[in-house]
Amino acid sequence: MILRADAVRKRFDERTVLAGASLTLAPGEVVLLSGANGSGKTTFARILATLLPPDDGEVLLDDEPVGERRRAARRAIGFATHQPLLYSGLTPVENLEFFGRLAGIAGAHAPIPALLERFGLTAFAHVPLATFSRGMLQRVALSRALLNDPSFLILDEPYAGLDTEGVSALNAILGEGRERGTATLLVGHDHDRAAAVTTRRVHLERGRIEPS
Amino acid sequence: MTFLTVARKDLMLYVRDARFLATLGLFSAALVLILSVAFGPIFRDPPLEAAATIWAALFFAGVLGLSRSQDLEAESGGSDALRLTGADPFALYLGKTLANILLLSAVFLLLLPLTAVFFDVGSLKALPALLCVVGLALVGYSAWGTLFAALARGLQARELLLSVLLFPSLVPLWIGAVKLTHALWDGGTIEPVRDWIKVMAVMDILGLALAGWLFESIQEAAE
């Protein structure tokens, strides 16, 4: 499967954030998208993840507009962003079970212990997230994004809050995904941390995406 | 069953939020107490005053519950996390509606003995019929309320907006609930006011149908 943003434009009030941004994510690619603060990286990631509609241009999944099969597209995409998108009153296991069931993953329990172990969270599996640090929340958020073994991973600032072990765990998972054909978009400035897994770098500037 | 999964999650979060439960319980009980003092000490028509009191308390307690229901999603990034699962939006709506119905049922069970004591009304014989009335009223209230709460999510003064939207929409439902409760507590027969059952059922179906039609658009447009 190929996920493609084609000449995407987005304005917020009078400010043009994206002015024809295009990007193709092919199987096995790990693309690092960088850009200055406020350049529109998160907006672009949200549009690619089908969470935000573009004003113009379109996002295509295998050459079909995602708007026409949005629910199927969302099940093929794993997304993590600044916000953990988790319930602080639930434990990691309860959160992952909940999102797994909604995503229709057969045997939603199955990948949860493995994901928590890889991110070093087994000892905290049954502790409510309200007591977690930023880094621990990020690990659970990444587990949620990986839960459905997605064909596309869109990770906005995935290294934020992660310690050395967390970065190693994430890079190992991204490397394995790359081998299996998962297409990944990493958004952020962590060139050094992402260097081990990145296959291509692009830069968002003045609303357009250019090779860097 | 997606809607059961969502309802279970919301109920777990309610149960673990002691501050919210305490606020909801104390607020609704205080309303019953205040209204019983306002109507008393010598009641002119205890069944009518008791019916009006319990449904007024449930209405305002419900606004708190509906707001909290949407706050739970706001705290976890709006509805992004739910939308990313690709789950059927109407099933998500039904799950939240069911959780609100169960929450308000618990509030009703708290208020019922208080109202019975303060106004000296009610009988065990009327209880099964009363529970049917409560079911009809809470399905409609939660169906419309969950829809409006999704509409008001993220806005300032959303509790006020929710009340403003809900009150006129639910007037037929609430009048029906008060009249049927009054009839049950006054003598045990609902024959003179039985048409209100049809009105309430129509309101329930309308609320659910409207949500089936609009909820996905509201959910997508809210971001």
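The values are calculated or read from the model by the stated rules, or taken from the named source; none is laboratory data. Computed from a predicted model, the values in this text were never measured in an experiment. Because the Cβ atoms are built from the backbone with ideal geometry, glycine has one as well, and the counts that use them run over all protein chains shown.
Structure above, values below:
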| item | result |
| --- | --- |
| Strands (runs of 3 or more DSSP E) lying entirely in region A:142-212 (those with 2 or more residues that are farther than 21 Å from A:Gly28 by Cβ and not hydrophobic (A, V, I, L, M, F, W, C)) | A:200-205, A:208-211 |
| Matching residues in region B:90-109 - criterion: being surrounded by fewer than 23 Cβ atoms within 10 Å (Cβ to Cβ) and closer than 24 Å to A:Ala73 by Cα | B:Phe90, B:Ala91 |
| Conditions (1) away from every other protein chain (no Cβ under 14 Å); (2) under 15 Å from the mean Cα position of the chain (by Cα); (3) touching a residue at least 60 places away in the same chain (Cβ under 8 Å): number failed by B:Phe119 | (2) |
| Residues located in region A:105-141, provided they are among the small types (Gly, Ala, Ser) and either farther than 25 Å from A:Thr24 by Cα or not in a helix (DSSP H, G or I) (or both) | A:Ala106, A:Gly107, A:Ala108, A:Ala110, A:Ala114, A:Gly120, A:Ala123, A:Ala125, A:Ala130, A:Ser133, A:Gly135 |
| Residues of region B:155-192 classified as closer than 21 Å to B:Gly65 by Cα and of a type in the set (Phe, Trp, Tyr), total | 2 |
| Some residue of region B:59-76 being in a loop (DSSP other than H, G, I, E, B), at pLDDT 90 or above and within 14 Å of chain A (Cβ to nearest Cβ) | no |
| Helices (runs of 4 or more DSSP H) contained in region B:100-195 and holding at least 1 residues at pLDDT 90 or above and either under 26 Å from B:Leu208 (Cα atoms) or in contact with a Leu (Cβ under 8 Å, 6 or more places away or on another chain) (or both) | B:127-152, B:171-186 |
| Scope region A:27-48; condition closer than 20 Å to A:Arg200 by Cα, small (Gly, Ala, Ser) and out of contact with any Gly (no Cβ under 9 Å at 6 or more places or on another chain); matching residues | A:Gly35, A:Ala36, A:Ala45 |
| Region B:1-50: number of residues that are farther than 19 Å from B:Leu111 by Cα and part of a helix (DSSP H, G or I) | 13 |
| Residue in region A:99-112 that is surrounded by the fewest Cβ atoms within 10 Å (Cβ to Cβ), counting only those that are touching a residue at least 40 places away in the same chain (Cβ under 8 Å) and at the interface with chain B (Cβ under 9 Å from one of its Cβ atoms) | A:Ala103 |
| Some residue of region B:42-57 being over 26 Å from B:Leu131 (Cβ atoms) and either in contact (Cβ under 8 Å) with a residue 24 or more places away in the chain or of a type in the set (A, V, I, L, M) (or both) | yes |
| Pair list, Cβ under 7 Å, 6 or more apart: region A:175-199 residue under 23 Å from A:Thr42 (Cβ atoms), other residue small (Gly, Ala, Ser) and assigned to a helix (DSSP H, G or I) | A:Thr184/A:Gly177; A:Leu185/A:Ala45; A:Leu186/A:Ala194; A:Val187/A:Ala45; A:Val197/A:Gly175 |
| Residue satisfying condition, being among the aromatic types (Phe, Trp, Tyr), in contact with a Leu (Cβ under 8 Å, 6 or more places away or on another chain) and within 14 Å of chain A (Cβ to nearest Cβ), within set B:Phe3, B:Phe90 | B:Phe3 |
